[in-house]
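Encoded as structure tokens, the structure appears first; notes follow it.
The values are calculated or read from the model by the stated rules, or taken from the named source; none is laboratory data. Everything numeric in this text was worked out from a predicted model, so none of it was measured. Glycine also receives a Cβ, built like all others from the backbone with ideal geometry; neighbour counts cover every protein chain displayed. Note: areas computed on protein heavy atoms with side chains; ligands, DNA, RNA excluded. Shrake-Rupley method; radii C 1.70, N 1.55, O 1.52, S 1.80 Å.
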Amino acid sequence: MCLGNICRSPAAEGIMKHIVETNGMSHAIEVDSAGLGPWHVGELPDKRMRAHGQRHGYDFNSRARLFHPDDFDRFDLIIPMDDENASTLRSMARSPYDLKKIVLMATFLRHHPMHHTVPDPYYGTDHSFELVIQLLEDACQGLYQDMMEKR
């Protein structure tokens, strides 16, 4: 979950889908992304993020959509990229049960302990986009391992 659903969250979706498919778990795990702002609904991810993803072997091709409170019913976890998005999601939660589903992506980092959020690369450089992909590869692998341990 990120603000516009064109950089971090579709990259996380693409990386996580790749991990899930590679491990033969597509039948059991649904992966999706959404944003909290309406500016890019229906658009592909940012072209810079798509280009960096391709360099790493990913196809970031999902269309931006808005988060809806019904997503709390649809998904076991709602994973924001930063504290601002987490705060907005908490304000949308309808119950303590919904609140428990909100877990920062950085919680699953295994090899980047100095990062407490996944920074927004939108106004950054190529390095910013590369950092986001590295963080998301780490966090998505950690998330997948966590899910498998809890099965």
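What number, in percent, do you get for the relative contact order of the stretch 23-91 if the mean sequence gap of Cα pairs under 8 Å and at least 6 apart is divided by its residue count?
Numbers: 46 pairs, mean separation 21.6, N = 69.
Rounded, it is 31 percent for the stretch 23-91.
Computed over protein heavy atoms with a 1.4 Å probe, the accessible surface of the chain works out to 53 Å² per residue.
Counting Lys and Arg as +1 and Asp and Glu as -1, what is the net charge of the other residues whose Cβ lies under 11 Å from the Cβ of Phe129?
Working: positive: Arg8, Lys47, Arg48, Arg50, Arg55; negative: Asp46, Asp120, Asp126, Glu130.
Here the charged neighbours net out to +1.
Hey, any idea what % of the stretch 69-123's accessible area is carbon plus sulfur with a 1.4 Å probe? C and S fraction of accessible area: 53 percent.
Here the label points at Met148 and Thr125, each 7 Å from Cα along the C-beta direction, are separated by 3.6 nm in the simple model.
Based on DSSP H segments of at least four residues, each scored -39500 (n - 2.57), the chain has a per-residue ellipticity at 222 nm of -14000 deg cm²/dmol. Result for the chain in a Gaussian network model with C-alpha springs under 10 Å: among Met49, Met105, Met92, the largest mean-square fluctuation is at Met92. Under the convention that each Lys and Arg Cβ holds +1 and each Asp and Glu Cβ holds -1, the size of the dipole of the chain around its Cα centre is about 80 debye. Full extension of the chain segment joining Tyr97 with Lys47 gains 14.4 nm, where the gain is 0.36 nm per residue of separation less the Cα-Cα distance.
Listed by chain and number, the lysines placed with their C-alpha closer than 19 angstrom to that of Lys17 are Lys150; residues fewer than eight positions away on the same chain are left out. Counting only heavy atoms of the protein chains and using a 1.4 Å probe, Thr88 has close to 50 Å² of accessible surface.
With a 10 Å cut-off between alpha carbons and a GNM built on the chain, which of Leu104, Leu89, Leu131 moves the most? In the Gaussian network model the winner is Leu131.
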